[in-house]
Amino acid sequence: MKASQNRVNFGSKIGAILAAAGSAVGLGNIWRFPYETGNNGGAAFILIYLACVIIMGLPIMMSEFVIGRHSRANTAGAYRVLAPGSPWRFIGYMGVLAGFLILSYYSVVAGWTLEYTLQAGIGGFSGMKAEDFATSFIAFSQNPWKPMLWMVVFLVLTHAVIVMGVKKGIEKSAKIMMPMLFILILVLVCCSLSLPGADKGLKFLLQPDFSKVTPGVFLSAMGQAFFSLSLGLGCLSTYASYFNKETNLGKTALSVGCIDTCVAIMAGIIIFPAAFSVGISPDAGPSLLFITLPNVFQLAFGDIPLLAYIFSLMFYILLALAALTSTISMHEVVTAFVHEEWHVSRNRAANYVTLGCILLGILSSLSFGVLSHFLIGGMTFFDFLDALTSKVMLPLGGMLIALFTGWYLNRQIVWEEISNGGRLKVPYFKCYLLVVKYFAPIAIGLIFINELGVL
Ligand code: PFF
């Protein structure tokens, strides 16, 4: 492939790690993880989640890295290079489609974070009562124009980073935004822990209650690991196609897994102590972030309005930044595909992707208001896309990626990529192969069956 020879690379190891971690850290960590933890028994869920990340997530992430770096192509092109003429290429097509669909609905919620950042910034939450937060969220999300406008703004921001390119756009923005995100999280963790009664929230996070563990909890934890680590659609394989030959794939996977998990747990440490300290239940789903939490901030810091103001503003900025580093990665999956497979310039490819996502995103955005009666299989358009991608396409993609590297791809290629041509020691190689050949496909098969409601 000619294009692959002069393909750009990330400029540094840390840039590569931060970009991949930026993809992983997102609304999945700050919204979905606390909510899943709240619903599935707290610390017990976290332990199972950690096990899933270590024994399934990391090996599959390494498989995506092997596929991406060896092929040096977008996720669909990768299978054309590695398995020419075979049906494996459908993994790639499904990944591109999944990336496009997730980007379109994820941008709607990402857009909400901008509205809430603005509201927090102009002090719009001060003096509001519990019921006011619910009414104002419902009024906002049902309004046909405002959320749509924010979604477009969010996609345009994502677009701006993508057209700046891999090094100057994706890598540079990750190097700026990820440290900001870490600082914001640390400050918020300290604030939350200093609240009176915070220990109850902490106990909930740290003391496992195994009586709540059902087979469904295992399966939810695995599903969460997939979404949170951005696995199953070739997002990390697209980023790995920009890794250079020196990047240590095992170490990078471990760093990304650790960063993603730490951020998720710290989001829990921000949200649970704050919620428990004011006696609010932490299992409210999407409304946790947009109805419950602003209320928590007002109640927790009611005596010192300036603190409530700063805490809410920082939290929504954190959320918007985390969402942005993730939308950039999804956009890149589709842009790289359109650019390389349809042979159009990168800028034009990015234009197509942004425009397409805006059009589809409009339907998702309106599905909270005027289109709420338009149902597909009993779900709104937004819920349908969410279910289709996270419950069907990601687990299926992950399973196929594991099978592809475990059974189809030449063992020598996998070894050379993971050991950087024999220069690195990889004592875990056999273990890795065992997981991708047997353990991961079977385990994911189980999630898949469960998600479809068969179990
Ligand atoms: N991992 C992101 C999150 O936790 O919010 C979501 C995501 C990003 C999923 C990129 C899939 C993807 F390709």
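Observations on the structure shown:
- Taking 23 Å as the straight-line reach from the Cα of LYS200, the lysines in range (excluding those fewer than 8 positions away in the same chain) are LYS212.
- Normalised by 2.2 N^0.38 Å, where N counts its residues, the alpha-carbon radius of gyration of the range 349-402 equals 1.36.
- Using alpha-carbon coordinates, inclination of helix 130-142 to the longest axis of the chain, degrees: 50 degrees
- From the alpha carbon centroid of the range 318-388 to that of the range 88-118 is 4 Å.
- Cα-based reach from LYS172 at 22 Å (exclusive), listing lysines while leaving out same-chain residues under 8 positions away: LYS13, LYS245, LYS251
- Peptides ranked, highest mean first, by Cβ atoms within 10 Å: ranges 115-123, 64-72, 390-398: 64-72, 390-398, 115-123
- With R₀ fixed at 45 Å, the C-beta to C-beta distance from LYS167 to LEU359 puts the FRET efficiency at about 0.90.
- Of the trypsin sites (Lys or Arg not before Pro) in the range 115-202, those whose Cβ has at most 16 other Cβ within 10 Å and which sit in DSSP loop: LYS129
- Distance (nanometres) between label positions extended 7 Å along Cα→Cβ at LEU206 and TRP145: 5.1 nm
- Cα-centred dipole magnitude for the range 7-131, charges only on beta-carbon of K, R (+1) and D, E (-1), debye, nearest 20: 580 debye
- Panel order for ARG423, ARG80, ARG32, by other beta carbons found within 10 Å of each beta carbon, from fewest to most: ARG423, ARG80, ARG32.
- Ordering 360-366, 209-215, 137-143, 300-306 by mean Cβ neighbour count within 10 Å, with the highest value first, yields 360-366, 137-143, 300-306, 209-215.
- The chain - mean residue ellipticity at 222 nm from DSSP helices (-39,500 (n - 2.57) per run, n ≥ 4, rounded to 500): -21500 deg cm²/dmol
- Förster-model FRET efficiency, 22 Å R0, ILE176 and SER12, C-beta, rounded to 0.05: 0.95
- Across the chain, the mean sequence separation of Cα contacts (distance under 8 Å, 6 or more residues apart), normalised by length, yields a relative contact order of 33 percent.
- Angle in degrees between helix 215-228 and the longest Cα principal axis of the chain, rounded to the nearest 10: 80 degrees
Laboratory data are not the source of any read-out in this text; all were calculated from the coordinates shown. Here the structure is a predicted model, which means the values were calculated and not measured. Note: ideal-geometry Cβ built from the backbone for every residue, glycine included; neighbour counts use all protein chains shown.
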